[in-house]
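Below is one structure, written out as structure tokens, with a few remarks after it.
What follows is calculated from the coordinates using simple rules that are stated; it is not laboratory data. Just so you know, these numbers come straight off a predicted model, no measurement behind them. Note that each Cβ is placed from the backbone with ideal geometry, even for glycine, and that neighbours are counted across all protein chains shown.
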Amino acid sequence: MNKPWYKHAHVWLLILFPALAIVGGINMIYLVNTNQDGLVSDSYYKDGQKINERLALDRHANAIGIHAQVLLGENQQNLRIMLNQNIQGELRLKLSHPTRVGIDQQIKLKAISPMMYEGVLPQRLALERWQIELTDEKSSWRLVKEWQVLPDEPVQISPLK
């Protein structure tokens with residue numbers, strides 16, 4: 001009445017846990033090699049040193065009293081920006097996703113009237129949370145805000161204080 005080893009249930013129970021560990025380890029190796037960690041900057045020290053420059057741009061925007069309203073078109077690619085004062089030249093808009101690498105977008109906005117600017121994003125903007133940064137072409141000021149994108153809902157951007 002001796003059964004072969006592979007017909008005993010407790011043998012398979014003993015084999016199950018190491019086999020699951022091996023499958024889990026292979027899965028982790030795959031995830032590590034296919035996903036990038038976008039939250040860690042390679043040059044965090046240099047980024048930290050630039051904080052004073054960014055704060056100066058925010059203070060200058062506050063000093064000149066500039067405000068903006070951003071409206072996303074129905075196709076989620078067209079952007080219109082209205083300013084509260086006339087600014088010479090083009091504007092630059094940077095949209096950064098807080099957690100996902102590779103979907104950040106940056107465009108130049110052209111004036112269509114004295115205080116209205118327009119541009120088209122290269123890709124449709126997902127209805128998610130974005131970090132929006134608006135600046136002039138000389139980078140003498142900047143407006144920053146976290147934006148939860150909702151259809152047909154404009155966002156007001158004021159200078160940081």
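Counting only residues 5 or more places away or on other chains, whose amide H sits under 5 Å from the amide H of Glu128 once H atoms are built in the peptide plane?
Residues meeting the amide H criterion: Val149.
Select from Asn35, Ala19, Gly119 the residue farthest towards the positive end of the dipole of the chain; place +1 on Cβ of Lys and Arg, -1 on Cβ of Asp and Glu, and compute about the Cα centre.
Ala19
Quick one: how many lysine pairs in the chain have C-alpha atoms under 27 angstrom apart, if they're 8 or more apart or on different chains?
22
Report ³J(HN,Hα) in whole Hz for each residue of region 108-114, in order, from the Karplus equation J = 6.51 cos²θ - 1.76 cosθ + 1.60 where θ = phi - 60°; Gly and Pro get x.
With coefficients 6.51, -1.76 and 1.60, one gets 9, 10, 9, 6, 10, 7, x Hz.
Show the residues, 5+ positions off or on another chain, whose built amide H is closer than 5 Å to the amide H of Leu109.
Leu91, Arg92, Leu93
Would you compute, from DSSP H runs of 4+ residues alone, the mean residue ellipticity of the chain at 222 nm, taking -39500 (n - 2.57) per run and dividing by the full residue count, rounded to the nearest 500?
-9500 deg cm²/dmol
Which of rounded, prolate or oblate describes region 30-92 when judged by the alpha-carbon gyration tensor and an a/c cut-off of 1.5?
oblate
Find, among the trypsin sites (Lys or Arg not before Pro) in region 34-132, those assigned to loop by DSSP (not H, G, I, E, B) with at most 16 other beta-carbon atoms within 10 angstrom.
Here the sparse-neighbourhood loop sites are Lys50, Arg100, Arg124.
Which far-off residues, 5 or more places away or on another chain, put their amide H under 5 Å from the one on Leu160, with H placed in the peptide plane?
Correct list: Val144.
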